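Here is the structure we will look at, set down as structure tokens.
The values are calculated or read from the model by the stated rules, or taken from the named source; none is laboratory data. Because the structure is a prediction, the values reported are computed rather than measured. Because the Cβ atoms are built from the backbone with ideal geometry, glycine has one as well, and the counts that use them run over all protein chains shown. Side chains included, ligands, DNA and RNA excluded: accessible areas come from the protein's heavy atoms. Shrake-Rupley method; radii C 1.70, N 1.55, O 1.52, S 1.80 Å.
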Amino acid sequence: MFSVPLSSGSRSNSDRQLLLRQSLAKTRRQAVRGPAYMFNARSNSLSVTEERFLDAAEYGNIPVVRKMLEELPELNVNCVDYMGQNALQLAVANEHLEVTELLLKKDNLARIGDALLLAISKGYIRIVEAILSHRAFADTRRLTASPSQAEMHDDFFAYDEDGTRFSHDVTPIILASHCHEYEIVHILLGKGARIERPHDYFCKCNTCTYHQRHDSFSHSRSRINAYKGLASPAYLSLSSEDPVLTALELSNELAVLANIEKEFKNDYKKLSMQCKDFVVGLLDLCRNTEEVEAILNGDVDSTQSPEEPGRPSLIRLKLAIKYELKKFVAHPNCQQQLLSIWYENLSGLRQQTTAIKFLVVLGVAVGLPVLAMVYWIAPCSKLGKIMRGPFLKFVAHAASFTIFLGLLVMNAADRFDGTKLLPNMTTHDHPGQLFRMKTTPFTWMEILIISWVIGQLSRCTA
Ligand SMILES: [Zn+2]
């Protein structure tokens, strides 16, 4: 007859955290109202019926709870135990779905928001669903507003008379993201809840100025909490159309923030790292070329490179290089894809030995003038297409530059011969010549150098 807890995973960690938060709330209460309050104010005057009711809720005694709710209309469903918890909070904390459902049918039930946050923090999906179907959540602002915004009006998110047990800026979806509860994040997103991006650190709008003056610590914490939610894999993968791009940009934003908000440097760095690990994790999961390409190239509209149609644009990869995401660039799946693009149209060469590759390089270097002419005349021929591949392009550029340097050195070689004149000798080409001026026609080497430079110039202007 007793309801059985739905899951029994290790949640000692979250329990301990909740206990610590309760102690903190007590300490704060004591600091605010003085120690005498602890013993006087909480004069717990529960009637026997109320005590029985709370016990039944805590231990999941469904028949007793149902009977008491039906037969005792004067029963105060919001009565609290010695720890200040009401029946709903006790039932949720002990994962009693049926009792929670019975209690939610009552009209004047308080602290539904706190029960929701509690269920989220413990990962009780069925209970979260039950609470969310309560009519209090028909107003979607309940889900989008944080307790600090909502508590002005009622004790919806309150844990006890002193407010919430979670941070005041934590909305249900932020909490679900922190706890990596994919299913709950999904449910909340479906109900229109979103995590609002914090304003710029230097923002001077009225809200930011107010929060900064009112409580700068909680302002900073609220920013971190929001970013923690945004950077959570659960939120990234479920809320974003393009999780890779969002994660890359967020990791960069967080890295910048780490340098601005020095006091929270480690937190921001950790979150930035988390975003990067998320992207690398996605690359890890790829099963075929198509999936790797999708990650490296981004959305379908811009998968083609604007400069070279037919070749992937690798926008995401370029972004990863810009944001110094070394793990992503050096990832085997990414490198494999890059290698296959590198040997485009020359796939056979990839498997050849270094000696053969060297011979190909040498051949291209020697035959470069001929190859260049062929490409110029028929760029779309088979040879032209091979020449357009990144590998041969690189070899051709390197060879062309090396030849240019060789020409320069050879042209300057006569300077190394030294002079044939003896120390006390002067030479005159013409007897009446005053200055040492001599013009000769261009040598063939100079003509080649000039034509190379003109070629480079026309390439730059084209
Ligand atoms: Zn602002």
Which of the numbered conditions does Thr207 fail, given that it passes all the others? Conditions: (1) among the polar types (S, T, N, Q); (2) touching a helix residue (DSSP H, G or I) at 6+ places or on another chain (Cβ under 9 Å); (3) within 24 Å of Leu143 (Cβ to Cβ). (2)
Mind checking which residues of the range 185-212 are assigned to a helix (DSSP H, G or I), more than 16 Å from Asp169 (Cβ to Cβ) and open to solvent by 100 Å² or more (accessible area, probe 1.4 Å)? His186, Asn206
Among the listed residues Thr246, Thr209, which satisfies the condition of being within 16 Å of the ligand (Cβ to nearest atom) and at pLDDT 90 or above? Thr209
Tally of residues being under 19 Å from Lys105 (Cα atoms), open to solvent by 70 Å² or more (accessible area, probe 1.4 Å) and at pLDDT below 75 across the range 128-163: 1
Are any residues in the range 183-220 touching a residue at least 60 places away in the same chain (Cβ under 8 Å) and within 22 Å of Val256 (Cβ to Cβ), and if so, which ones? Tyr201
Which condition number in (1) part of a helix (DSSP H, G or I); (2) in contact (Cβ under 8 Å) with a residue 60 or more places away in the chain is the one that Glu95 fails? (1)
State which residue is most open to solvent (accessible area, probe 1.4 Å) when the search covers only the range 229-260 and only residues that are touching a residue at least 40 places away in the same chain (Cβ under 8 Å) and either of a type in the set (Val, Ile, Thr) or at positive phi (or both). Ile260
Quick check on the range 358-387: of everything there that is part of a helix (DSSP H, G or I) and in contact with a Lys or Arg (Cβ under 9 Å, 6 or more places away or on another chain), which residue is least open to solvent (accessible area, probe 1.4 Å)? Met387
State whether one or more residues within the range 185-202 are within 14 Å of the ligand (Cβ to nearest atom) and more than 18 Å from the chain's Cα centre (by Cα). yes
Return yes when Asn252 is more than 15 Å from the ligand (Cβ to nearest atom), more than 22 Å from Val170 (Cβ to Cβ) and in the same structural domain as Ala330 (by TED's automatic domain parsing) and no when it is not. no
